[in-house]
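Here is the structure we will look at.
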Amino acid sequence: MRRRGQMGLTLTPVNWDCTYLRREVEAGTIDEVHARLEARNLIPIGTDRPLTLEDPQTGQSIPMDQAWIDEQRRITPERWAAVILDGEWEGRPEGVFFRCFDPKRHVVVGRIDPRLGPVRHLLGFDYAAADREIGHCCTLVQVQDYRDDNGRTRQRILALDEVAMEGHATNEHFAREVVAMLARNGLRWSDLYAAHGDNPVTSVFVKKSNSETMKAIAAEIGIPKTALRPEILSAKDNVISHASFDASCQWVFERIASDALHVNARCKTLIRGLETWDYTKHHPHKDILDSLRYALKTYVFPYGGAANVTVRVR
């Protein structure tokens, strides 16, 4: 690298099948240089100083020392740490995903103080099958930008309130609860910064979609659907579904682990989901967690492009 030579990297995604590449490596067809994420492996030959990263916001150099490694392990989900950090072939998918969530530290009473800066309010909607006990969900989130001691833009994030209903709940009933939730927080629909929702779901009971939800909410507040602003946009536009799911879960994990994301005590369903979700699709509290991710899409994918796969460097 110092002599301007060429270096090839294989970026192996944690959320993609790598069986073929693994077989080629194990058969000796492809050579690999593999080292765990340890401080000694980040010190180039001929020096006693570690490699550095440049902070994209401040331009400052960040040494990749033991403190940096400890921080990466703290903010990386245990499910993927073996792959992302240590370059192993397989992760460890057992147990609760959000192990970083501590109700004593992350559950709060109150809301973000507007005296510290402008606060944005966002909504996320999830629509699941009619047979889901908690399948018609909405999460209200507050976000406030601020600058840390190093001049970097950060966010204070608070899941402020929720609506969690049975999957067979009607759109009209759901809309009534959503409008009531906004009202008890001193908000109107027009006060929202953005709203994002899931793909449509249809059953013998009801058709649930962003369009149907907008129609019901507009009727509840007494305006034409075409006048409802902001519109509920698709949370899955301009992203690759299988990759965006992993990326947004990790984004939320990092904010919880960094104490940037807190949850109001009234969000009992969301709290239970953070305490118990095991990363499976059929977990009873997955839908409320999806609504949290959708609410934060503006921040998880700020440029609106497709999500990259999560990779390891070997």
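The values are calculated or read from the model by the stated rules, or taken from the named source; none is laboratory data. Please read these numbers as outputs of a predicted model, since none were measured by experiment. Neighbour counts are summed over all protein chains in view; Cβ atoms, including those assigned to glycine, are modelled from backbone coordinates with ideal geometry. Just so you know, the surface numbers come from the protein's heavy atoms only, side chains and all, with ligands and any DNA or RNA stripped out. Shrake-Rupley method; radii C 1.70, N 1.55, O 1.52, S 1.80 Å.
Got a sec? Which helices (runs of 4 or more DSSP H) wholly within the stretch 233-295 have at least 2 residues that are of a type in the set (Asp, Glu) and within 21 Å of Leu160 (Cα to Cα)? Let's see the steps before the verdict.
On the way: elements: 241-257, 268-276, 286-295.
Fully inside the stretch 233-295 and qualifying: 286-295.
Could you check the stretch 90-118 and list, in sequence order, the residues that are assigned to a helix (DSSP H, G or I) and in contact with a His (Cβ under 6 Å, 6 or more places away or on another chain)? The one that is assigned to a helix (DSSP H, G or I) and in contact with a His (Cβ under 6 Å, 6 or more places away or on another chain): His106. Residues in the stretch 140-198 that are charged (D, E, K, R), surrounded by 13 or more Cβ atoms within 10 Å (Cβ to Cβ) and within 21 Å of His106 (Cβ to Cβ): Asp145, Arg154, Arg156, Asp161, Glu162.
Exactly one residue out of Gly59, Gly87 is in a loop (DSSP other than H, G, I, E, B), farther than 26 Å from Tyr294 by Cα and free of Cβ contacts under 8 Å to residues at least 40 places away in the same chain: that is Gly59.
Leu233 - would you say it is buried (at least 20 other Cβ atoms within 10 Å of the Cβ), under 16 Å from Val300 (Cα atoms) and touching a helix residue (DSSP H, G or I) at 6+ places or on another chain (Cβ under 9 Å)? Spell out how you get there, then give the answer.
Working: buried (at least 20 other Cβ atoms within 10 Å of the Cβ): no; under 16 Å from Val300 (Cα atoms): yes; touching a helix residue (DSSP H, G or I) at 6+ places or on another chain (Cβ under 9 Å): yes.
Answer is no for this residue.
Only a single criterion out of (1) under 24 Å from His282 (Cβ atoms); (2) of a type in the set (A, V, I, L, M); (3) open to solvent by 30 Å² or more (accessible area, probe 1.4 Å) is not satisfied by Ile221, namely (1). Residues in the stretch 24-56 that are of a type in the set (Lys, Arg) and closer than 22 Å to Ala81 by Cα were compared, and the one that is most open to solvent (accessible area, probe 1.4 Å) is Arg40.
Here's the yes/no breakdown for (1) within 29 Å of Asn150 (Cβ to Cβ); (2) of a type outside the set (A, V, I, L, M, F, W, C); (3) at pLDDT below 80:
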site	(1), (2), (3)
Thr52	yes, yes, no
Pro56	yes, yes, yes
Gly59	yes, yes, yes
Arg74	yes, yes, no
Ala82	no, no, yes
Asp86	yes, yes, yes
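Considering each residue of the stretch 113-127, count those that are more than 19 Å from the chain's Cα centre (by Cα) and under 23 Å from Glu177 (Cβ atoms), and give that number. Here the count works out to 1. Residues that are surrounded by 13 or more Cβ atoms within 10 Å (Cβ to Cβ) and among the charged types (D, E, K, R) were ranked within the stretch 93-115; the one that is modelled with the lowest pLDDT is Arg99. If you take the residues in the stretch 150-206 that are of a type in the set (Ser, Thr, Tyr) and within 25 Å of Arg132 (Cβ to Cβ), which one is modelled with the lowest pLDDT? Among those residues, the one meeting the criterion is Ser203. Residues that are modelled with pLDDT of 95 or more, touching a Gly at 6+ places or on another chain (Cβ under 7 Å) and among the polar types (S, T, N, Q) do not occur anywhere in the stretch 244-265.
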